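Input: a single structure, listed below in structure tokens.
Nothing in this text is a laboratory measurement; each read-out follows from the coordinates by a stated rule. Being a predicted model, the structure only gives us computed values, none of them experimental. Counting neighbours? That spans all protein chains shown, and the Cβs are built from the backbone with ideal geometry, glycine included.
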Amino acid sequence: MNLNNIKNKTEINSVKNVARGSFDETVLGDGFYVLTFQNNESYTQVVEREIDSRFIQFHFCIKGSQEFIFNNGTYRLKIEEENSLLLYNPQRDLPIHLDVHPNSWLVSILVSIKRFHGLFSQEADYITFLSEDNKDKKYYKDGKISPSMAIALNQIINYNLNASIKQLYFRGKALELLSLYFNRSEGADIEQCPFLVDESNVIKIRKAKDIIISRMAEPPTLQELSDEIGLSLKKLKEGFKQIYGDSVFSFLFDYKMEVARKLLEKGNHNVTEVGLKVGYSTSSHFIAAFKKKYGTTPKKYLMSQA
């Protein structure tokens with residue numbers, strides 16, 4: 001998918017009082033972009049952008065608020081003033097569909113995972129979605145914009161230097177923002193990400209992952225799991241989300257469905273048998289779960305693979 005293939009939409013719908021606009025884009029190099037959008041009007045504006053699964057998205061709400069729309073409007077995620085949002089899902093494209101509310105400003109950084117590895121090659125164990133365990137996992141994180149980040153963001157929004165140096169200037173600011181975002185200085189950042197600082201917590205969370213995978217047909221409850229790994233329920237929930245980008249049982253659901261899909265493709269078991277192997281006592285429950293994950297029934301999925 002070509003990231004440069006952007007539709008510039010300017011049509012205003014007077015009935016809904018919503019306009020369609022486009023990001024101001026600066027290309028910083030191969031797989032590296034800065035997008036800005038300022039809605040200084042009194043009505044909501046919609047901006048859209050195709051982005052494929054190779055890209056990590058960093059979104060910073062400097063002013064006002066915006067709402068990300070996913071799955072054709074079935075899920076909405078709001079980002080408020082002075083907050084940030086990181087999105088990464090190597091398993092599917094995450095195109096931007098954004099409702100920018102009146103008097104709102106947004107800065108976004110898009111960077112391909114290949115380019116990102118090049119920037120942070122020495123930090124793979126610290127930045128969770130760069131680790132070997134997480135390379136195929138989705139990752140989501142929201143957080144506060146620090147004062148240092150706010151300065152860099154406003155310098156991007158208010159750029160008024162010679163146009164010939166804009167790319168160089170924005171590249172410097174984008175790298176500054178990424179370094180501030182992943183800053184490991186003492187204090188707030190350590191408090192925010194304790195599971196990445198305390199290696200014993202990381203080991204316990206990874207043990208929890210191994211336990212639920214090995215017992216996926218009859219997994220322990222969260223309380224049983226926290227007791228078994230020797231970590232409080234609160235730290236288990238927060239730590240698992242921090243390391244694997246999802247809740248314990250959402251992670252397990254995705255894992256079970258992937259196992260089920262591979263078992264079906266092998267053809268050695270029927271639908272009921274596959275359902276039992278991944279923890280569903282009735283075929284109807286398994287079929288419903290499979291359809292929720294893949295949008296089709298196991299039988300239709302196999303027919304499509306023939």
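Shown for D254, D210: other C-beta atoms within 10 Å of each C-beta, ranked fewest to most, produce the order D210, D254. Sequence-ordered 3J(HN,Hα) estimates for the stretch 49-61 from the Karplus curve with 6.51, -1.76 and 1.60 and θ = phi - 60° stand at 7, 6, 9, 8, 6, 6, 9, 8, 10, 10, 10, 10, 8 Hz, glycine and proline given as x. Cα centroids of the stretch 221-285 and the stretch 60-98: 27 Å apart.
Taken one residue at a time, the phi angles of the stretch 75-89 give Karplus couplings (6.51, -1.76, 1.60, θ = phi - 60°) of 9, 10, 10, 8, 10, 9, 3, 6, 10, 10, 9, 10, 10, 7, 9 Hz. Gly and Pro are set to x.
Note on K266/V27: beta-carbon distance plugged into 1/(1 + (r/R0)^6) with R0 of 45 Å gives a FRET efficiency of 0.50.
Rounded if a/c is under 1.5, else prolate if a/b is larger than b/c, else oblate: which is the stretch 252-306, with a ≥ b ≥ c the root eigenvalues of its Cα gyration tensor? Here the stretch 252-306 falls in the rounded category. Estimated from the Cβ-Cβ distance and a Förster radius of 51 angstrom, the FRET efficiency linking T74 and S200 is about 0.80.
Extension gain for T297-N183 works out to 36.5 nm (0.36 nm per residue, less the C-alpha to C-alpha distance). The modelled label-to-label distance for the pair S250/L233, using points 7 Å beyond Cα in the direction of Cβ, is 2.0 nm.
Pairs with C-alpha atoms separated by more than 20 Å, drawn from the list K141/K234; K138/K277; K78/K114; K209/K292, are K138/K277; K78/K114; K209/K292.
In this structure, the amide hydrogen of L28, modeled 1.01 Å from its nitrogen in the peptide plane, lies closer than 5 angstrom to those of Y33, V34, counting only residues at least 5 positions away or on a different chain. Under 5 Å between amide hydrogens, built in the peptide plane, is the criterion, and for S53 it picks out D93, L94 among residues at least 5 positions away or on other chains.
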